[in-house]
Structure formats: C-alpha cells, structure tokens
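Novice: Here it is, the structure in full.
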Amino acid sequence: MRGGIANAGPPIKRDNGDVMTGQAAGLIGTKDAVEWRISDAPVAYPDALSFMEERVEAIHKNAAPETVWLLEHPPLYTAGTSADGAELLDPDRFPVYRTGRGGRYTYHGPGQRVAYVMVDLTRRGHDVRAFVKNLEQWVIRTLAQFSVTAESRAERVGIWVRRGAPGNPVSREDKIAAIGVRVRHWVTYHGIAVNLEPELEHFSGIVPCGISGYGVTSLWDLGVTATMPELDAALMASFEEVFETPIRRI
C-alpha cells in the first residue's frame with residue numbers, strides 16, 4: 001500500500017483574523033483559464049507553502065494566472081489556526097507544520113491527492129462561501145465518477161461516505177476528504193485533500209480536523225482501486241464543471 005448541501009462549510013482563515021464558516025450559494029465561474037500543475041514526486045510542505053504564498057501575491061497583482069496544483073506530501077501533520085494541542089496524539093511521529101489555513105490538525109502523506117487552489121475571488125463575486133461550496137461539490141462530483149456517494153455535513157468539516165445501510169446500528173460515516181482554506185487579498189490558497197490510498201493508520205496520530213468518534217477512509221479502502229492519474233483526470237473534469245472555468249495544463 002502507498003503511503004443536499006451542508007449549512008456550514010469548513011473554517012476559512014481570513015487575514016483580518018476572522019475565521020469564516022457558512023453556507024455557499026450557487027456556482028460561480030470565470031472565463032479565464034486556470035493553470036493546472038501536477039507534481040509527480042512528493043513535495044516538502046515548506047516548499048509548497050512558499051510557492052502558494054508567492055503565487056497568491058502574483059495573482060493579486062495580475063502577474064500570474066490562477067493555479068491549481070496537484071501533489072503529494074511526505075508523511076506530516078499540519079495544524080490550522082484552530083488546532084488544539086491535545087488533538088496531536090503522537091507529536092513525535094511525523095513533522096508538524098503550523099499553517100495559516102482555517103481548521104485544526106490534518107494528515108498528509110503518500111497516496112493522498114492534495115489540490116492547492118489559488119483563485120481570485122474578485123472575479124467570482126467576492127463570495128468566499130460560494131467558493132467553499134464549490135470545493136465541496138468538486139470533491140463530491142469527482143468521487144461520483146468512481147460510483148462513490150459522498151456528502152458534506154453541516155456539523156462536520158470535510159467530505160464523508162456512509163458505511164453500511166441507513167438504520168443499521170453498526171453503520172457509520174467515514175471521512176474521505178479534507179478541506180481547509182485561507183484567503184489573502186481575495187485570493188484563495190490551501191484547498192482539498194482526497195484519500196486515494198494513503199496509510200490510514202497514520203491518521204491515528206491526530207484527531208483529524210478535531211472530529212472524534214468517526215473514521216477515515218479512502219477510495220482503496222472502499223474497494224475502488226483507481227490510480228492517481230485516474231483520480232487526477234476525474235478532478236480535472238469535475239473542476240471545469242463546478243467552477244465553470246477552463247483549464248490550461250502545463
């Protein structure tokens with residue numbers, strides 16, 4: 001192994017210090033093409049963060065295109081602005097990085113597709129909640145291409161799948177994707193993380209996103225043995241549908 005709509009979205013860190021959550025209202029698009037990057041080798045977290053911060057400034061100054069960057073990280077934990085130290089259960093297991101995104105602790109590692117989304121919300125109605133709703137729908141539609149029914153939940157951050165029949169006393173819901181966003185100068189960064197085939201035991205070192213009592217799953221755990229290129233293709237197709245924005249692959 002390689003390592004309908006919710007009323008509230010995931011935490012969003014705004015640089016004025018506010019953390020926003022809320023309901024999205026409709027799909028918003030732009031006619032400008034988004035630059036689509038894919039990294040084949042694992043990317044160190046500090047390098048990814050540096051790139052995002054530089055690209056956000058460049059987008060704000062109209063000096064670079066909007067960008068979606070697909071990558072994997074080596075095993076690590078990230079701590080959002082609301083992270084509680086008590087939820088880091090094994091602090092010596094993997095490197096821990098403090099990050100400016102909203103939310104709490106998250107695991108990243110091989111077999112998980114991270115998509116960092118750097119888009120200009122001044123071109124999308126200055127609507128942060130609609131952007132978050134689009135991220136949720138992007139993941140949900142992507143997973144639907146693999147016949148996986150996924151949903152968002154008003155009371156829980158992320159994207160979830162039901163395990164077992166409704167009403168079954170042993171049924172449960174497991175998390176298959178995380179969402180965390182930061183906005184600077186109305187330009188977004190950070191984004192989503194979809195579990196393809198990560199080592200699920202690695203999540204045991206944290207309380208993922210501060211939500212206890214629920215499990216974590218992946219496409220492979222659900223019996224869908226898709227490849228990373230297949231997941232990338234599904235993400236690309238769904239992104240264009242949801243954001244109503246063309247993509248320019250580099």
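Novice: How would you classify region 101-196 from its alpha-carbon gyration tensor, with a ≥ b ≥ c the square roots of the eigenvalues: rounded for a/c under 1.5, else prolate if a/b is greater than b/c, otherwise oblate?
Specialist: On the way: a/c = 2.10, a/b = 1.84, b/c = 1.14.
Because a/c hits 1.5 or more and a/b exceeds b/c, region 101-196 counts as prolate.
Novice: Turning to a different aspect of this structure: Determine the share of the chain's accessible area contributed by carbon and sulfur atoms, expressed in whole percent, with a 1.4 angstrom probe.
Specialist: 48 percent
Novice: Just to confirm my numbers, what's the Cα centroid distance between region 64-105 and region 33-49 in Å?
Specialist: Using only Cα atoms, the two centres lie 15 Å from each other.
Novice: Please calculate the 1.4 Å probe accessible area of D120, with all protein chains present, and give it to the nearest 10 Å².
Specialist: Approximately 10 Å² of D120 is accessible to the 1.4 Å probe.
Novice: Further question: What accessible area, in Å² to the nearest ten, does a 1.4 Å probe give for V242?
Specialist: Here the residue's solvent-accessible area equals roughly 0 Å².
Novice: Can you list residues whose amide H is under 5 Å from V34's amide H, if they're 5+ apart or on another chain and H is modeled 1.01 Å from N?
Specialist: Residues meeting the amide H criterion: I247, R248.
Novice: Classify region 43-142 from the C-alpha gyration tensor, please: rounded if a/c falls under 1.5, else prolate or oblate depending on whether a/b exceeds b/c.
Specialist: Prolate, because a/c is 1.5 or more and a/b exceeds b/c.
Novice: Once you order the gyration tensor axes a ≥ b ≥ c over the Cα atoms, which shape class does region 116-250 get: rounded for a/c under 1.5, otherwise prolate or oblate by comparing a/b with b/c?
Specialist: Note, shape of region 116-250 comes out prolate.
Novice: Restricting to DSSP loop positions (anything but H, G, I, E, B) with no more than 16 other Cβ atoms inside 10 Å of their own Cβ, which trypsin sites (Lys or Arg not before Pro) remain in region 45-116? Please report the intermediate quantities before stating the final value.
Specialist: Working: sites: R55, K61, R93, R98, R101, R104, R113; in loops: K61, R93, R101, R104.
Within region 45-116, the qualifying trypsin sites (Lys or Arg not before Pro) (loop, at most 16 other Cβ atoms within 10 Å) are K61, R93.
Novice: For region 115-221, which GluC sites (Glu not before Pro) pass both filters: DSSP loop (anything but H, G, I, E, B) and at most 13 other C-beta atoms within 10 Å?
Specialist: Those that pass, being in a loop and sparsely packed, are E155.
Novice: Moving to a separate point now. Tell me the per residue accessible area of the chain using a 1.4 Å probe; a whole number in Å² is fine.
Specialist: On the way: 10260 Å² over 250 residues.
With the other protein chains kept in place, the chain gives 41 Å² per residue.
Novice: While we're on this one: Which order do H185, H190 take by accessible area at a 1.4 Å probe, largest first?
Specialist: H185, H190
Novice: Please list W36, W69 in order of solvent-accessible area, largest first, computed with a 1.4 Å probe with all protein chains present.
Specialist: Numbers: W36 0, W69 25 Å².
These residues rank, largest area first, as W69, W36.
Novice: Quickly estimate the mean residue ellipticity at 222 nm for the chain, helices only: each DSSP H run with n ≥ 4 gives -39500 (n - 2.57), and the total goes over all residues, rounded to 500.
Specialist: Computed mean residue ellipticity for the chain: -6500 deg cm²/dmol.
The values are calculated or read from the model by the stated rules, or taken from the named source; none is laboratory data. Here the structure is a predicted model, which means the values were calculated and not measured. Heads up, the Cβs are rebuilt from the backbone with ideal geometry, glycines too, and the neighbour counts pull from every protein chain shown. Side chains are part of the model used for accessible areas, which takes the heavy atoms of the whole protein and leaves out ligands, DNA and RNA. Shrake-Rupley method; radii C 1.70, N 1.55, O 1.52, S 1.80 Å.
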